[in-house]
Amino acid sequence: YIYLIKQPEDQYQVILEVKDNERAQPADLNNLYVRSNTGGSFSASGAGGGTIATTTGTAANLVPLRAVTSTKQIVGPQAVNHFNQFTSVTINFNLLPDVAIGDATKFIEDSFAQVHQQIPSVQATFQGEALVFRQLFKSLPMLLIAAIFVMYVILGILYESYVHPITVLFPAIVPAVVGGLFTLWVFGSSLSLYSVIGLFLLLGIVKKNGILVVDFALKRIDEGLSLREAIHEASLERFRPIMMTTLAALMGAVPLALGFGHDASARRPLGLVIVGGLIFSQMITLFVTPVIYLWLEWFQEHVLDRVPFLRSAHMHHQGEPKPSGDGEVREPMPAGAA
């Protein structure tokens, strides 16, 4: 460029060009002139947000471009692509059925490292799906931690407890993630963008098992039942809703896992993660949640409740009578009494 226009928010390069019809043939170079060292001058000034450039000189100070250049006709590309103002070449690649995009990008990086050692001026960068994949997996751990933390905070506010969110999240999320990844490995599928989306969907689906059980158990404790009786009754009473919701989500993901529909091969990892995660989580959550609930309630009562800041709002862990609104302690109403 011959000049740089600077604005408060951006800057623009001034590139001098000849009209298309005046530079179509090599002979058109005879009509181009350049200023010699002994004549002419150049000045630029800005006015009203624009720039005015002026050139002074005589024809005697102008040298034909043909006098200082030579032309040669060769075979070249019809267009020269640029990336970040550098000449660039785009190389596209497709994946074999058994090759993951992460393995492909790793192989390309290793191959380019050998080229870069021989030609240091050559640079390379990923674009398209490969770039999105790398950026996603670079931030994936933080995204998972942030999602789990947000769910923990919301459940903690809901239950007014530090331990009940762990009762809901831990028995559901860990088996679901392990089951989803194990299912991908069994069916020879790769960890792609769709499978990552499936993992995030699992975080929201599987935790409803613990929510149904814990919420029902807390209500029974407030009514006067002991911890063991409350969680046992909650597991029995909430078994049917848990199975219904799980089967509904499972049946919705089966067509994706089987590979039905247009572009099914790309979406199949999404279905595999959801189906495998739901099955593993369902088999484990129903048995592990009551145990973890009893352990964490014991920890809350004997450890955390001794610290005022960590004390739970549900203080009646062993079925003591619940205080009424006027401060009077009332015995729990027997079951079946009107």
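The values are calculated or read from the model by the stated rules, or taken from the named source; none is laboratory data. A quick note: this is a predicted structure, and the numbers were derived from the prediction, not measured. With ideal geometry, Cβ positions are generated from the backbone for all residues, glycine too; neighbour counts draw on all protein chains shown.
Let me confirm something: among F187, F182, F200, F170, which residue is at pLDDT 90 or above, assigned by TED's automatic domain parsing to the domain that holds F149 and either within 25 Å of the chain's Cα centre (by Cα) or among the hydroxyl-bearing types (S, T, Y) (or both)? None of the other options fit; the residue is F182. Scanning the range 152-162 for residues that are over 25 Å from the mean Cα position of the chain (by Cα), in a helix (DSSP H, G or I) and among the hydroxyl-bearing types (S, T, Y) yields one hit, Y159.
Filtered by the rule that a residue be among the hydroxyl-bearing types (S, T, Y) and closer than 17 Å to T69 by Cα, the range 18-38 gives Y33, S36. Taken as a whole, the range 39-59 holds no residue that is closer than 16 Å to I2 by Cβ, modelled with pLDDT of 75 or more and of a type in the set (V, I, T).
Pairs meeting the criteria (first residue in the range 128-155 and closer than 26 Å to D103 by Cβ, second residue β-branched (V, I, T), beta carbons under 6 Å, at least 6 apart or on different chains) are A130/T105; F133/I101. Residue pairs whose Cβ atoms lie under 8 Å apart, separated by 6 or more positions or on different chains, with the first residue in the range 95-124 and farther than 18 Å from S265 by Cα and the second of a type in the set (S, T, Y) and surrounded by fewer than 12 Cβ atoms within 10 Å (Cβ to Cβ), do not occur. Here A176 fulfils each of the conditions (1) among the aliphatic types (A, V, I, L, M); (2) without any contact (Cβ under 8 Å) to a residue 40 or more places away in the chain; (3) under 30 Å from W298 (Cα atoms) apart from (2). The one condition from (1) of a type outside the set (D, E); (2) at pLDDT below 85; (3) more than 26 Å from the chain's Cα centre (by Cα) that R238 does not meet is (2). Here is the figure for the range 71-114: residues that are modelled with pLDDT of 80 or more and part of a helix (DSSP H, G or I) total 11.
Any residue at all in the range 161-175 that's of a type outside the set (K, R) and more than 30 Å from F309 (Cα to Cα)? Yes. Note on the range 202-216: among residues that are out of contact with any Lys or Arg (no Cβ under 9 Å at 6 or more places or on another chain) and either more than 16 Å from P171 (Cα to Cα) or among the small types (G, A, S) (or both), the one that is surrounded by the fewest Cβ atoms within 10 Å (Cβ to Cβ) is G204. Counted as qualifying within the range 207-307 are the helices (runs of 4 or more DSSP H) with 2 or more residues that are in the same structural domain as P165 (by TED's automatic domain parsing), over 24 Å from V153 (Cα atoms) and aromatic (F, W, Y), namely 264-302. Could you check the range 115-151 and list, in sequence order, the residues that are surrounded by 12 or more Cβ atoms within 10 Å (Cβ to Cβ), in a helix (DSSP H, G or I) and not aliphatic (A, V, I, L, M)? Scanning the range 115-151 gives H116, E129, F133, R134, F137.
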